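What follows is a short report on a single structure.
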């Protein structure tokens, strides 16, 4: 980064974060404190009102604002989310460019807008390739973003996949929405479920009749959607062995729940972290005779029962005649 770009970036950084020490700025821009001292002096000589407090750092004089662009909260949120997504998924050169762009956009947001944008930004995640939502899902996402910002309790009908035939009708749920996560082609809502009296994840495509209630809630400070906490929810370990002939395709079609892979003489040994056996049942069934479950026994038994039911569909007496 040349000096001119760095001077502008320093102003934006101070505008975005408030007071910063010289060592903080030096770390952000990967330079020395001595260089930062010279940059601050250059900005002051150029008329930028920087306030220096010994031992505390630098800040912009209250009321000073550098507004080269104006964004709505929706525009800024999409740009920042996109920039962070690119920073995570591209090479080092474009990662640095994306991080620089994010800092600049955050720096020019007025304080009244910055809080809303940062709240949405910290509570929406992307894991896996994005697909375009249909009209119904777009409407649901728009309502949920508003519920996240305004802390509105929501009510909706929810279809649960693994329930008995007698319980196949959707349940009415009320929940306090905490965050949105996009995982492997599906949006998920993390929320406090009033029915279960606990935090639950809901797939948006299983939600119907969504309503924003006038009742609001206080979000607990301890709630987070960090990767480590998502991993803690997956307390069951499964180990499965794939034949050598499909090892390449297993890597290509890797499950979201895979935590480790190891090549062994018999094939590919895969370790998965799941919440329950059914999380990976369909994925394992898709590999047919080329997969063998080593543990847990409960997963092996579940797959055996499912395979037995599949076999019944192909018994001679069960095949419909023309």
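Placing a label point 7 Å from the Cα of residue 137 along the Cα-to-Cβ direction, the residues of region 174-188 with a backbone N closer than 20 Å are 178-188.
Using R0 = 22 Å, the C-beta based FRET efficiency linking residue 298 and residue 157 works out to 0.10. The C-alpha radius of gyration of region 3-60, expressed as a fraction of 2.2 N^0.38 Å, stands at 0.97.
Inter-label distance, residue 74 to residue 308: 5.4 nm, where each label sits 7 Å from its Cα along the C-beta direction. The label-point distance for residue 50 and residue 234, in a model that sets each label 7 Å from Cα toward Cβ, rounds to 4.5 nm. Note the full-extension length gain between residue 212 and residue 186 as 0.36 nm times their separation in residues minus their Cα-Cα distance, in nm to one decimal. Roughly 7.2 nm would be gained on extension. Legend: ranking of residues 102, 48 from fewest to most surrounding C-beta atoms inside 10 Å; resulting order 48, 102.
Projected label points at residue 146 and residue 254, each 7 Å from Cα along the beta carbon direction, are separated by 4.0 nanometres. Taking N as the residue count of region 235-322, its C-alpha radius of gyration divided by 2.2 N^0.38 Å amounts to 1.21.
In plain terms, the residue of 181, 11 with the fewest other Cβ atoms within 10 Å comes first and the most crowded comes last, giving 181, 11.
Here, each number is a calculation from the coordinates, and none is a lab measurement. Bear in mind the structure is a predicted one, so any value in this text is a computation, not a measurement. Every residue, glycine among them, receives a Cβ derived from its backbone with ideal geometry; neighbour counts consider all protein chains shown.
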